[in-house]
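The values are calculated or read from the model by the stated rules, or taken from the named source; none is laboratory data. Keep in mind that this is a model prediction, so the values were computed, not measured. As a convention, Cβ positions derive from the backbone with ideal geometry for all residues, glycine included, and neighbour counts pool all protein chains shown.
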Amino acid sequence: MIITGQIEPWHVYVTSVGLATVQSFQLPSRGSMVSDAVPPKYLTNGFGLNAVVFNSARSAGPALAGVLIAIYGTASAYSVQALFYLLATIWTIMLRPERRSAPGIQRHSVSGESFGRSIVEGWKFSWQNYEVRVSLLIVSAALLLLIPFTTLLPVFARDVLHVGATGQGLLLTAMGIGALLSSVVVAARGDRMPRGIVMIGGVALYGLLVVVFAASTWFLLSILVMLIIGFCHVTSHALIQTVIQSYSPPEFRGRTMAIFHMTQVILVIGAMLIGGLASLIGARWAATSMSLIGTGVMIAVYALMPKARKIQ
């Protein structure tokens, strides 16, 4: 449609809904396949390597698209994307993962379950399994209270740091570099990390760093803080996925990963919440207050759920 000049705004809305629908099936499936393709003892490294590729593509992709659009037009960027999706589809079909049971988990029979019953059993397992439940609690707290501060970056760039759109781009770039560095560390050393401590500590440190960012009026300090925030985000995020998959048997792995991706809805709620707070008390106090609450939640998890610290 872009090539023929027939594209209309409603086409964008429809294809966006279609893309979101496809991703609701694709993301849990793709995530759960990591456990089938990587030996259990290297699962954390596998997620780290996956994050390396993702963050590298996230950094290089927009630049490549900009070059293509500047030289050949918008349709060329979509054509290249379609080609890569085709290649990814072919390579995925070629995969023949070996099915493995999660260590220490008794297998459950799910043959003959109805669709509705399958969903209920997935939620029940995620609640009853301590490690999965704690991991989902940690990621939910981060998505509700900490990560939404990024929606206020335009306000910080314009009104607090006075660096405009260019400065905002540099802040996001710093966060991306931190994420990429973290991905490399997790890919190389992730199997030796104490997962429970790093998950809880990483999210708690994320909250404290957001407080520092909100208080900063020095652009170079803000850049440094964003670099470390990106590092904390990927480290804890990769370990949370690892724990969920490690403690989920194969027949529940897709469902637990689907619930993990469903928590992204909480990010939307958090963004609305921090936006409302910012309109009442300002962006700096909104980010500070929510982040301190998020850090407090992590301290409570550490103090009140001692088994969570020992998750491996």
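Here is a list of conditions, (1) touching a residue at least 60 places away in the same chain (Cβ under 8 Å); (2) aromatic (Phe, Trp, Tyr); (3) within 25 Å of residue 56 (Cβ to Cβ), and residue 247 meets all of them except one; can you say which number that is? Checking residue 247 against (1) touching a residue at least 60 places away in the same chain (Cβ under 8 Å); (2) aromatic (Phe, Trp, Tyr); (3) within 25 Å of residue 56 (Cβ to Cβ), the one that fails is (3).
Yes/no matrix, rows are residues, columns are (1) closer than 15 Å to residue 295 by Cβ; (2) modelled with pLDDT of 90 or more; (3) assigned to a helix (DSSP H, G or I); (4) hydrophobic (A, V, I, L, M, F, W, C):
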position: 126; (1), (2), (3), (4): no, no, yes, no
position: 131; (1), (2), (3), (4): no, no, yes, no
position: 137; (1), (2), (3), (4): yes, yes, yes, yes
position: 169; (1), (2), (3), (4): no, no, yes, no
position: 175; (1), (2), (3), (4): no, no, yes, yes
position: 185; (1), (2), (3), (4): no, no, yes, yes
position: 203; (1), (2), (3), (4): yes, yes, yes, yes
position: 209; (1), (2), (3), (4): yes, yes, yes, yes
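Sub-9 Å Cβ pairs linking a first residue in the range 10-31 that is under 15 Å from residue 262 (Cβ atoms) to a second residue that is surrounded by 11 or more Cβ atoms within 10 Å (Cβ to Cβ) and basic (Lys, Arg), at least 6 apart or interchain, are 28/253; 28/255; 31/253, ordered by first then second residue.
If the condition is being among the small types (Gly, Ala, Ser) and surrounded by fewer than 23 Cβ atoms within 10 Å (Cβ to Cβ), then the range 187-220 contributes 187, 188, 201, 215, 216. Scanning the range 282-312 for residues that are in contact with a Pro (Cβ under 9 Å, 6 or more places away or on another chain) and more than 16 Å from residue 216 (Cβ to Cβ), we see that the one that is surrounded by the most Cβ atoms within 10 Å (Cβ to Cβ) is 290.
If the requirement is being in contact with a Lys or Arg (Cβ under 7 Å, 6 or more places away or on another chain), of a type in the set (A, V, I, L, M) and closer than 30 Å to residue 306 by Cβ, which of these qualifies: 197, 229?
Values: 229 fails: in contact with a Lys or Arg (Cβ under 7 Å, 6 or more places away or on another chain).
The conditions single out 197.
Restricting attention to the range 11-40, the residues that are modelled with pLDDT under 85 and either within 17 Å of residue 96 (Cα to Cα) or not hydrophobic (A, V, I, L, M, F, W, C) (or both) total 16.
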